[in-house]
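In what follows, a structure is listed as structure tokens, so that the remarks can point back to it.
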Amino acid sequence: MLTNNVKGTHDIIGEESNGFAYIENLLRQICELFAYNEVRPPVIEHSELFVRGVGDGSDIVRKEMYTFKDKADRSITLRPEFTAGIMRMIVQNKLLATNELPYKVYYNGPVFRYERPQLGRYRQFNQFGVEAVGNNSPEIDVEVITLAYTILSSLNLANVKVLINTLGDDDSRNAYKDALKGYFAKHLDHMCPDCHSRFELNPLRILDCKVPEDQEIVKDAPKMKDYLSDAAKSRFAKVLELLDALDIPYEVDDTLVRGLDYYAETVFEFHYTSKTGNDYGAIGAGGHYDKLVKELGGPDAAGVGFSFGVERLYSVLKDDDLFPHCINTPVEVYIMPLGEKAKVMAAQVASELRLSAYRTDVCFEDVKLGNMFKRAERKGAKVAVIIGEDEVAKEEVVIKNLATTEQKSCPLDKLIETISEEIGNEVCE
Ligand code: HAM
């Protein structure tokens, strides 16, 4: 073999692929119910978008981006997240001037981060998310959290932990950053080199440091809640009041700061530990931002959004056996032609069945009938359609119900009628 897959990437095959399709379809339907529309931004963007948008103090920009020079010497980055690209799309296409606000979109696709691969952590993974841009109210923050919670409930993940916090307004955050600088200045000599640059670029990022010794120091750092302005406090109180009114359970976590620099006010994460004890960390996360659009040259407009990690959703559903049985759609009809003329008729019969929405497969291999039946069984087929030289001559087929083993001849013009009697039109909920 010439080469294996790139470290941190994975092939999504068979049952997993069906699982992804199930998740993505359900998420899409719910986003549509909330009146969000799909957008498909490009995978590559100019690197400066993420440096400015996600922030040069974030681990994503400092260590994790797949950045390269294109043939015209431009610095290009494979998107490490969607939000900055969506804001670029909104500004460039003047979407806030030409749409009702908030402008509400959802998206789904691969993102790339050069992280250390481990359980639930890949270098290429898929995010499904939403953004609502152009309305600054706590109601929209809560609508977005409600959308995420509705998705999780529809996936039967209602036991998810919704962690929520506020990063306050500019005044609150500036006061908090000063307090953090004062505190960490005393400990910096004992902290990792990354924290030294975080200290300069954005001391909030020190709170995300994963080095155990640094985490000990972080434990006693000042807390955001003690630096909130009155306006930030009352905005957050309104968010919590609305969540209560909607019966959405949450835990306020005053250590939650998120790892991307664009957030302000409400931030949240969804955590789920599967029954098997696997902790995938956050299966989704998001928050409110108010400078991002302006930073990229657009109007003064706030937004709020979240992204789910589709691999993580898949893993928790799989671990806890929460996929409906019907995601692995079996073949319904398996056609068994015996001889060359029968193969032509098999292709015609297959087309007719497929046009009538029966999931149909044909055995074009020259194997014995017994082997064909084994294949039909492995594929989970309900009905076999057998076509020999006699059937070709008489313009009929033999239909065998594989559950009851009863079989009968059927003229071609009664094919769909007979198959429907045998199989019915089972709908998978
Ligand atoms: P994030 O927390 O960086 O936020 O990522 C969102 C989700 O992506 C995480 O909760 C996790 O489920 C998944 N994820 C992150 N890294 C990996 C990885 N290496 N492998 C597998 N899954 C991963 C954002 O990306 C923000 N753009 C969310 C947002 C949208 N905020 C506002 N709007």
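The values are calculated or read from the model by the stated rules, or taken from the named source; none is laboratory data. These numbers come from a predicted model, not from an experiment. Neighbour counts are summed over all protein chains in view; Cβ atoms, including those assigned to glycine, are modelled from backbone coordinates with ideal geometry. Please note that ligands, DNA and RNA were not included when accessible areas were found on the heavy atoms of the full protein model with its side chains. Shrake-Rupley method; radii C 1.70, N 1.55, O 1.52, S 1.80 Å.
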Which three lengths, in whole Å and largest first, does the range 330-423 cover when its Cα atoms are put on their principal axes?
28, 28, 24
List every residue whose amide H lies under 5 Å from the amide H of residue 280, counting only residues 5 or more places away in sequence or on a different chain, with H placed 1.01 Å from N in the peptide plane.
272, 274
Here Rg/Rh (Cα, Kirkwood) for the chain equals 1.10
What list of ³J(HN,Hα) values in whole Hz, one per residue of the range 391-407 in order, does the Karplus curve 6.51 cos²θ - 1.76 cosθ + 1.60 (θ = phi - 60°) give from phi, with Gly and Pro shown as x?
4, 4, 4, 8, 6, 9, 9, 9, 10, 10, 7, 6, 7, 8, 6, 6, 9
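Quick one: accessible area per residue over the range 66-146, 1.4 Å probe, rounded to a whole number of Å²? Spell out each step's value before the answer.
On the way: 3560 Å² over 81 residues.
Result: 44 Å² of accessible area for each residue.
So for the chain: antiparallel DSSP bridges make up what percent, rounded to the nearest 5?
80 percent
Based on the mean of other beta carbon atoms within 10 Å per residue, what is the order of 57-63, 124-130, most packed first? If you can, show how the numbers build up before the last one.
Values: 57-63: 19.6, 124-130: 22.0.
In decreasing order of mean packing, 57-63, 124-130 become 124-130, 57-63.
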Per residue of the range 355-371, what does 6.51 cos²θ - 1.76 cosθ + 1.60 with θ = phi - 60° give for ³J(HN,Hα)? Whole Hz please, x for Gly and Pro, Karplus curve as stated.
5, 8, 6, 9, 6, 10, 10, 10, 8, 8, 6, 7, 10, 6, 4, x, 5
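Work out, step by step, the length gained on full extension between residue 231 and residue 2: first 0.36 nm times the residue separation, then minus their alpha carbon distance; give nm to one decimal. Write out the running numbers ahead of the final one.
Values: separation 229, 0.36 × 229 = 82.44 nm, distance 6.07 nm.
Computed gain between residue 231 and residue 2 is 76.4 nm.
Can you flag which of 7/69; 181/233; 186/210; 341/394; 219/294 are past 24 Å Cα-Cα? Before the final figure, lay out the partial values.
Working: 7/69 21 Å; 181/233 22 Å; 186/210 19 Å; 341/394 12 Å; 219/294 34 Å.
Where the Cα-Cα span goes over 24 Å, the pairs concerned are 219/294.
Sorting 270, 112 by accessible area (1.4 Å probe), largest first, what list results? Each step should come with its number before you reach the end.
Details: 270 0, 112 30 Å².
In descending accessible area the options line up as 112, 270.
Hey, what D do you get for the range 37-152 in µm²/s if you plug the Kirkwood alpha-carbon radius into Stokes-Einstein at 25 °C and 0.890 mPa s? Provide the component values of the computation, followed by the final result.
Values: Rh = 15.5 Å.
Answer, rounded: 158 µm²/s.
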Roughly what angle does helix 230-245 make with the longest principal axis of the chain, taking Cα atoms, 0 to 90 degrees, to the nearest 10?
30 degrees
Does anyone have the angle between helix 138-154 and the longest principal axis of the chain? Alpha-carbon axes, 0 to 90°, nearest 10?
30 degrees
Can you give me the solvent accessible area of residue 176 with a 1.4 Å probe, rounded to the nearest 10 Å²?
10 Å²
Per-residue HN-Hα couplings for the range 284-300, Karplus 6.51 cos²θ - 1.76 cosθ + 1.60 at θ = phi - 60°, whole Hz, x for Gly and Pro?
x, 6, x, x, 9, 9, 10, 10, 4, 5, 5, 3, 9, x, x, x, 6
Report the accessible area of residue 248, computed with a 1.4 Å probe over the heavy atoms of all protein chains in place, in Å² rounded to the nearest 10.
10 Å²
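Got a sec? What order do 190, 288 fall in by accessible area at 1.4 Å, biggest, i.e. largest, first?
On the way: 190 140, 288 0 Å².
Reading off the accessible areas and sorting them downward yields 190, 288.
Solvent-accessible area per residue for the range 350-429 at a 1.4 Å probe radius, Å²? Show your work: numbers first, answer last.
Working: 5050 Å² over 80 residues.
Computed with neighbouring chains in place, this is 63 Å² per residue.
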Can you pull the accessible area of residue 379 for me, 1.4 Å probe, Å² to the nearest 10?
80 Å²
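Counting only protein heavy atoms and a 1.4 Å probe, tell me what percentage of the chain's accessible area is made up of carbon and sulfur. Kindly include the intermediate steps, with their values, before the conclusion.
Numbers: 10330 of 21050 Å².
Carbon with sulfur: 49 percent of the solvent-accessible area.
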For helix 310-319, report the angle its Cα long axis makes with the longest principal axis of the Cα atoms of the chain; keep it between 0 and 90° and round to the nearest 10°.
60 degrees
How high is the relative contact order of the chain, in percent, with contacts defined as C-alpha pairs under 8 Å that are six or more residues apart?
15 percent
About its Cα centre, how strong a charge dipole does the range 330-423 have in debye, to the nearest 20, once Lys and Arg get +1 and Asp and Glu get -1 at the Cβ?
400 debye
Choose one answer from 117, 337, 411: the residue with the largest mean-square fluctuation in a GNM of the chain with alpha-carbon springs under 10 Å.
411
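Only helical DSSP H runs with n ≥ 4 go in: add -39500 (n - 2.57) per run for the chain, normalise by residue count and round the 222 nm mean residue ellipticity to 500 deg cm²/dmol. Mind dumping the intermediate values first?
Values: 14 runs with 158 residues, N = 429.
Helix contribution divided over all residues of the chain: -11000 deg cm²/dmol.
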